[in-house]
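Shown next, in structure tokens, is the structure this report addresses.
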Amino acid sequence: MNEEIRYYKGRYKVKVVQKSRKNWMVEALEEIPLVPSNIKFGLGKSIFEGETFVTVPRLLWKHKKLRKFIHGKLYRFKEDYYYKQPYPLKSGLIPKGTVVRFDCPNLGFARFIFQDIKLTEKFNDYAISLKPKDAFRVLEEIEVHE
């Protein structure tokens, strides 16, 4: 039998057990905590790993949902990234480990501010704009403990 893996609400990994026209039966592959929107769909409790439950197919996504960038949050480059813009003054390699701060969405791009003065001089600007798809691929969130 072909085991189909989906993501419940784009977050929680589940395995499709049985399909029907209106509802699908799925098995949780990780714990799904109780959230107010689950009560709306008839799930009045947390779902533990290995439990089966019934849900509508529109809540089962093929790919995991990407988290939104948070304003003012720090992110670190996981790998070296070659940043290229149409004008030559803003092209170059951003080294792995470079820390940037999310500023705002900017016309379909995610705008990040450098935390290192040297890179600000290198790119002739204090900020860069990345496509969200690329940003999710090359950036990781930094946990700041105060």
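All conditions in (1) in the same structural domain as GLY10 (by TED's automatic domain parsing); (2) at pLDDT below 90; (3) exposed (fewer than 13 other Cβ atoms within 10 Å of the Cβ) hold for LEU43, with the sole exception of (3). Scanning the stretch 99-135 for residues that are in contact (Cβ under 8 Å) with a residue 60 or more places away in the chain and surrounded by 15 or more Cβ atoms within 10 Å (Cβ to Cβ) gives a single hit, ALA135.
Going by the structure shown, is PRO132 under 30 Å from LYS13 (Cβ atoms) and modelled with pLDDT under 85? Judged against the criteria, PRO132 is a match.
The values are calculated or read from the model by the stated rules, or taken from the named source; none is laboratory data. Only a predicted model underlies this, so the values are computations on that prediction, with no experimental measurement involved. Don't worry about glycine lacking a Cβ; one is built from the backbone with ideal geometry, like all the others, and counts go over all protein chains shown.
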